[in-house]
1. Restricting to Cα atoms and excluding each atom paired with itself, what does the Kirkwood estimate give for the stretch 138-202 in Å?
2. Using the beta-carbon distance between ALA76 and GLN224 and R0 = 41 Å, what value does 1/(1 + (r/R0)^6) give for FRET efficiency, to the nearest 0.05?
3. For the ranges 212-220, 120-128, what's the packing order if you count other beta-carbon atoms within 10 Å of each residue, average per peptide, and put the highest first?
4. Using the Karplus equation 6.51 cos²θ - 1.76 cosθ + 1.60 (θ = phi - 60°), what ³J(HN,Hα) coupling, rounded to whole Hz, does each residue of the stretch 203-214 give in order, writing x for Gly and Pro?
5. On C-alpha positions alone, give me the angle between the axis of helix 128-139 and the longest principal axis of the chain, in degrees, nearest 10.
6. With the crude spin-label approximation of a point 7 Å out along Cα→Cβ, what separation in nm comes out for SER248 versus GLN144?
7. Starting from the Kirkwood radius over alpha-carbon pairs of the stretch 58-188, derive D by Stokes-Einstein at 20 °C in a medium of 1.002 mPa s and give it in µm² s⁻¹.
8. Using bins 10 angstrom wide from zero, how does P(r) for the stretch 62-112 break down, in % of all Cα pairs?
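Any read-out appearing in this document is the output of simple, stated calculations on the displayed coordinates, not a laboratory observation. This is a predicted model, so every value here is computed, not measured. Cβ sites come from the backbone with ideal geometry, for glycine too, and all protein chains shown count toward neighbours.
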Amino acid sequence: KELGKNRCRIFVPKDREGELKRATFHKKQRILDALAADRFEVWYQPLLHLASRKIFHYEALVRMRETDGSVVLPGAFIQAAERHGLVGSIDRVVAQKTFVLQALLEKQGRKISFSMNLSARDLADAGMAAFLQKSIKESGADPQKLIFEITETAAIQDMDRALDFIRQMKALGCRFSLDDFGVGFTSFVYLRELGVDYIKIDGSFIRKLHERQEDRSVVRAIAQMARELGIMTVAEFVEVPETLEILSGFGVDFGQGFFIGKPAPAALAFSRIPVQP
Ligand code: C2E
Ligand code: MG
Ligand code: MG
Ligand code: MG
């Protein structure tokens, strides 16, 4: 189109390089704009405590609100944000909004715990622990009700720094969860070294739990191992009722997924709170 109307040109790989560069630049600018205009929103998805069938724990999941009102999922911008050194800014926004919400609900007499996702970059980000500590204090959130989800690939890059970060936040009373458990390479080393409080069994083992004997064997074994280690378990991607019953039978502690509840904006997930907490 740049060459004028009614023309065609044969594709050469070099064209694509320029395209990709423009696309990532475009993404970087979109992220910067969204940060400046406070267009990163936090949606919340419930976790069901299987023994009591109660909900008192939610996961914070970030969304980008476009200027046209549409919602963009993290799969479309987190990687670009990591590449451009912007994921820390996004995660600070998510954390701060979640702390404020936790404190607000606590004041209303509702005791809710919140998980939030941290990226590899955050664990190596020298200012992150201090920011989180300050933000927790200022918001009045209860640190005992804050859980940080980390992935195996996230922590693997610099173990000493990750351990240091975890130690600092644990000293405050916060807890940690190993996300997407079972699809990384060094699950068991991490279990031993990181001292996590929760394991989130990867959704790929859970989605077809009612159909696949192999998945049931894996999940049952993870649940038993976690129990013996004193670690709580969460199963993500609970999409059908049968799965819930199987998980209960295995003694898995929490279920999360579309069958239990989809992620929703704070004002929808929690009634009686202002639209912008
Ligand atoms: P995750 O932490 O493993 O989160 C679970 C993802 O699965 C979420 O996608 C959630 O909406 C989706 N999900 C939940 N239940 C079901 C289900 O029953 N079936 C299926 N098929 N999917 C389900 P989402 O919100 O698009 O987030 C994708 C990933 O982006 C997250 O995976 C997490 O790694 C990352 N992410 C999300 N929020 C943040 C954030 O604030 N900071 C960082 N650094 N990463 C984030
Ligand atoms: Mg997560
Ligand atoms: Mg997960
Ligand atoms: Mg996952």
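1. Final number for the Kirkwood radius of the stretch 138-202 is 12.2 Å.
2. Between ALA76 and GLN224 the formula returns 0.65.
3. Working: 212-220: 15.0, 120-128: 17.9.
Most protected by this proxy first, the peptides run 120-128, 212-220.
4. x, 5, 8, 9, 3, 10, 3, 6, 10, 10, 4, 4
5. 70 degrees
6. Between SER248 and GLN144, the label points sit 2.8 nm apart.
7. Details: Rh = 15.4 Å.
Value of D from the Cα-based Kirkwood radius: 139 µm²/s.
8. 23, 37, 28, 12, 0
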